[in-house]
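The values are calculated or read from the model by the stated rules, or taken from the named source; none is laboratory data. Keep in mind that what you see is a predicted model, and the values were worked out from it rather than measured. Virtual Cβ from ideal backbone geometry, glycine too; neighbours counted across all protein chains shown.
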Amino acid sequence: MKVGIIGLPNVGKSTIFNALTASDIPANNYPFCTIEPNVGIVPVPDYRLNEINQYIKSDNVIPTVIEFVDIAGLVKGASQGEGLGNKFLSHISNVDAIIHVVRGFDNEDITHVEGSIDPLRDIQIIETELLLKDLERLNKRLLKVKKISKSGDKLAIKEVELLDKAIKKLNDGELLNDFYGTETENQIIKSWFLLTSKPIIYLCNIDEDNLQQGVESSYFQSLKTYASQNNIDCIQLCGNIEMEISKIDNDQDKQEFLDIYNLDEPGLNKLISRAYSKLGLITFFTAGVQEVRAWTVKKNALAPEAAGLIHSDFERGFIKADIYNISDLQKFQTEQALKENGKIRQEGKEYIVQDGDIIFFKFNV
């Protein structure tokens, strides 16, 4: 699963990406310092891994990961090709969710392409470009499908109806991230590869003073109100501070730095968790002496599908799964004690994997 980081130039996208990935790509004060998207694999913070390992005592603890993509700054007119817009918009097509970074700090040394700080205006600029690109794509699709529907093709007729509804919403200035239907309709919608249908998180990049004082800036307050009205997640963090935190290796030094800014954890941890949730993902674990490991699976995935993440043979030859949860492990402390107290249950092919399951798969090929 990929999460794209988008926004206007010079709002802090690359700084946040650098902090996420502990990398050092350019974060310069000029538009398009990121031309090709930078990609980073980021561990998903999960305290449960260490809790499990307190009892399993493996030397190898492996978190699950999520992929972040730093996409170059879009500008007004991107849908018409401005600022290499078509290329950058195609990069957005390839991600599963979007983190939309807006600037929420004043700094005369860092230019803003629009000449002033206004998060809501910036959001509208970007979302208008995404919307226009989707309109262009859907209108082309409508012309093609209308011809097919004239033959009486039921699926084409259904798609024309959906296209008409989607185009109306876009013409009304609405995103399509809540545009759902039946299972068949959702498959049609998915085939359009829309930019405005992707899950979104707004990220307000604030300054150090707001963070240290523990107050919400007027920029973030206006963004939060807008996000709430549109049922979109919203988070604030300071990119520069997150960058500093990412450079501290010692846990004690890191905690002391967090305390200075009254933070219980890095803001990026919350961002990663939000992105993970937005993608509809959950985590299950495998635990043994060789390794304790977290795995990512979509919500409502069946046990064989989860087994297939480990190896295709596990899915192909799936027999059953032995499953227990962390709270029982904390209480009984060993797998032997879990068995003796009937806390390890056996589940078959129709079992829906739950977040936090610790699973031992049994298979035969």
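Among the residues in region 66-80, are any modelled with pLDDT of 90 or more and assigned to a loop (DSSP other than H, G, I, E, B)?
No.
Quickly run through region 186-217 and pick out the residues that are surrounded by fewer than 19 Cβ atoms within 10 Å (Cβ to Cβ), polar (S, T, N, Q) and at pLDDT below 90.
Listed by number, the residues that qualify are GLN212, GLN213.
Restricting the search to region 278-296, which residues are buried (at least 16 other Cβ atoms within 10 Å of the Cβ) and under 30 Å from GLN236 (Cβ atoms)?
Result: LYS278, LEU279, LEU281, ILE282, THR283, ALA294, THR296.
Looking at GLU183, GLU216, GLU208 in this structure, which one is farther than 27 Å from GLN124 by Cα and not polar (S, T, N, Q)?
When all the criteria are applied, what remains is GLU183.
What pairs come out if I take residues in region 132-144 that are in the same structural domain as LEU163 (by the TED database) and closer than 12 Å to PHE193 by Cα and pair them with residues that are among the hydroxyl-bearing types (Ser, Thr, Tyr) and crowded, with 18+ Cβ neighbours inside 10 Å whose C-beta lies under 7 Å away, six or more apart or interchain?
Once the first residue is in the same structural domain as LEU163 (by the TED database) and closer than 12 Å to PHE193 by Cα and sits in region 132-144, its partners that are among the hydroxyl-bearing types (Ser, Thr, Tyr) and crowded, with 18+ Cβ neighbours inside 10 Å give LYS133/SER79; ASP134/THR196.
Would you check which residues across region 115-144 are among the acidic types (Asp, Glu) and surrounded by fewer than 15 Cβ atoms within 10 Å (Cβ to Cβ) and list them?
Within region 115-144, just GLU136 meets the criteria.
Considering each residue of region 39-61, count those that are β-branched (Val, Ile, Thr) and over 29 Å from ASP96 (Cα atoms), and give that number. Walk me through how you get there before you give the answer.
Applying the first criterion (β-branched (Val, Ile, Thr)) to region 39-61 yields 39, 41-42, 44, 52, 56, 61.
In the following step, the residues that additionally are over 29 Å from ASP96 (Cα atoms) were identified as 52, 56.
Summing the residues that are β-branched (Val, Ile, Thr) and over 29 Å from ASP96 (Cα atoms) in region 39-61 gives 2.
Mind checking which residues of region 145-185 are part of a loop (DSSP other than H, G, I, E, B), touching a residue at least 24 places away in the same chain (Cβ under 8 Å) and loosely packed, with under 11 Cβ neighbours inside 10 Å?
GLY173
Inside region 187-237, can you point out the residues that are in contact with a strand residue (DSSP E or B) (Cβ under 6 Å, 6 or more places away or on another chain) and without any contact (Cβ under 8 Å) to a residue 60 or more places away in the chain?
LYS224, ALA227, ILE232, ASP233, CYS234, ILE235
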